[in-house]
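*Asks:* Have a look at this one.
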Amino acid sequence: MIVLLVLLVMALFGLGFLNGMWWVVAGVVVFALLQYGRGGGYDDWGRGDDSGFRNYRDYRDRVDRWDRRYSRQRRGRWARQDRRDRERHG
């Protein structure tokens, strides 16, 4: 199959010497093959191989929301604990 596609591209490139439009067609075929070989273009975002990245992104967003929600409370608690420690030790 790959051999036939390479021969097609070579034939289109060769025909480009007769008419420049064939070079454009050859370029489009090469572009389509590269997009297909990578697993698709923009339509395939969010499917298949990038599920690990999406899971990580969702986890990171949850952690960020948690930190924003509770960071003031934790900072205040840490500050109180630090003051108590300083009073006790020194």
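The values are calculated or read from the model by the stated rules, or taken from the named source; none is laboratory data. If you're wondering where the values come from, they're calculated on a predicted model, not measured in any experiment. Backbone-built Cβ (ideal geometry, glycine too); neighbour counts: all protein chains shown.
*Asks:* Given the conditions (1) surrounded by 10 or more Cβ atoms within 10 Å (Cβ to Cβ); (2) within 17 Å of the chain's Cα centre (by Cα); (3) modelled with pLDDT of 80 or more, and given that W23 satisfies all but one, which numbered condition is not satisfied?
*Replies:* Condition (2) is where W23 drops out.
*Asks:* Please determine, by comparing only the residues of the range 1-17 that are assigned to a helix (DSSP H, G or I) and touching a helix residue (DSSP H, G or I) at 6+ places or on another chain (Cβ under 7 Å), which one is nearest to G37 (Cα to Cα).
*Replies:* That would be L5.
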